[in-house]
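The values are calculated or read from the model by the stated rules, or taken from the named source; none is laboratory data. Here the structure is a predicted model, which is why all the values come from computation and not from measurement. With ideal geometry, Cβ positions are generated from the backbone for all residues, glycine too; neighbour counts draw on all protein chains shown.
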Amino acid sequence: LSKLERNNQKDRDDVRFLDRSIPLDLSVLEERYKTELRWQLGRPDREDLTIRLWLEMLQE
């Protein structure tokens, strides 16, 4: 989740790698984003979109 705001290609590749190495529970990832990180972000509406895109990417 710490890479969410930057969201460059390397960050997305790192998230994919993590998901392949240690399968992520996407519902836990989404819940932790909402409860632990979202309130701290400068533009949470933008990061809401990013987390949705990441979750879709990981479901593929």
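Scoring ASP45 on the criteria (1) in contact with a Ser or Thr (Cβ under 7 Å, 6 or more places away or on another chain); (2) loosely packed, with under 13 Cβ neighbours inside 10 Å leaves a single failure, condition (1). Of the candidates SER21, SER2, the single residue that is within 9 Å of the chain's Cα centre (by Cα) and small (Gly, Ala, Ser) is SER2. Taking the residues in segment 1-28 that are of a type in the set (A, V, I, L, M) and in contact with a Phe, Trp or Tyr (Cβ under 8 Å, 6 or more places away or on another chain) as candidates, determine which candidate is modelled with the highest pLDDT. This residue is VAL15.
Residue-by-condition table, conditions (1) touching a Leu at 6+ places or on another chain (Cβ under 8 Å); (2) over 12 Å from LEU4 (Cβ atoms); (3) in a helix (DSSP H, G or I):
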| position | (1), (2), (3) |
| --- | --- |
| ASP14 | no, no, yes |
| ARG20 | no, yes, yes |
| LEU29 | yes, no, yes |
| LEU37 | yes, no, yes |
| ASP45 | no, yes, yes |
| LEU53 | no, no, yes |
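Regarding GLU56, is this residue more than 12 Å from the chain's Cα centre (by Cα), at pLDDT 95 or above and of a type outside the set (Val, Ile, Thr)? Answer is no for this residue.
Taking the conditions (1) under 10 Å from the mean Cα position of the chain (by Cα); (2) among the acidic types (Asp, Glu); (3) closer than 13 Å to ARG52 by Cα in turn, GLU31 satisfies each one other than (1).
A single entry from ARG12, ARG16 fulfils the requirement of being of a type in the set (Lys, Arg), surrounded by 15 or more Cβ atoms within 10 Å (Cβ to Cβ) and in contact (Cβ under 8 Å) with a residue 12 or more places away in the chain: ARG12.
So is GLU5 assigned to a loop (DSSP other than H, G, I, E, B), surrounded by 12 or more Cβ atoms within 10 Å (Cβ to Cβ) and acidic (Asp, Glu) or not? Yes; evaluated as a whole, the condition is true for this residue.
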